Amino acid sequence: MQTRVARIKKIMQADEDVGKIALAVPVLVSRALELFLQDLIDRSYKITLQSGAKTLNSFHLKQCVKRYSSFDFLTEIVNKVPDLGGGESCGDERGLPRRRKFSNGSDPENEEPRSSKMVQFHHMSAELNFLSR
């Protein structure tokens, strides 16, 4: 938490118009950011479940921003981000083959890097990166 608070303070001090910053301010901004992101992700997750998808991706975040007026200020930003998988069928994964579980419960595919999930996480992180700058 300290590094996050220090980073927020550094960002605030980068603005020439900002003078002294009370110790509590970066802590409060950090907590507000946590609550904001939790709300965004919780609402996006509900949209993910409603669409029958198993993976939250950029399409679900965009739908969340469009559905809830409290996120209207993000509309221009999310419109610039391409939908991962494209359209409404992007998250249902019905076209993807299912992994076979072996009798001992192991799944050799889990040993490989989770590239598709990492790509989706990377895109989601990139979309939210503007908040941490």
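Read-outs throughout are calculated quantities, based only on the coordinates presented, and are distinct from any laboratory measurement. These figures come from a predicted structure and were not determined experimentally. Counting neighbours? That spans all protein chains shown, and the Cβs are built from the backbone with ideal geometry, glycine included.
Could you run through region 30-58 and say how many residues are closer than 18 Å to residue 71 by Cα and either of a type in the set (Val, Ile, Thr) or surrounded by 17 or more Cβ atoms within 10 Å (Cβ to Cβ) (or both)? Total meeting the criteria: 9.
Flag not set for residue 47, criterion: touching a Lys or Arg at 6+ places or on another chain (Cβ under 8 Å) and farther than 22 Å from residue 74 by Cα.
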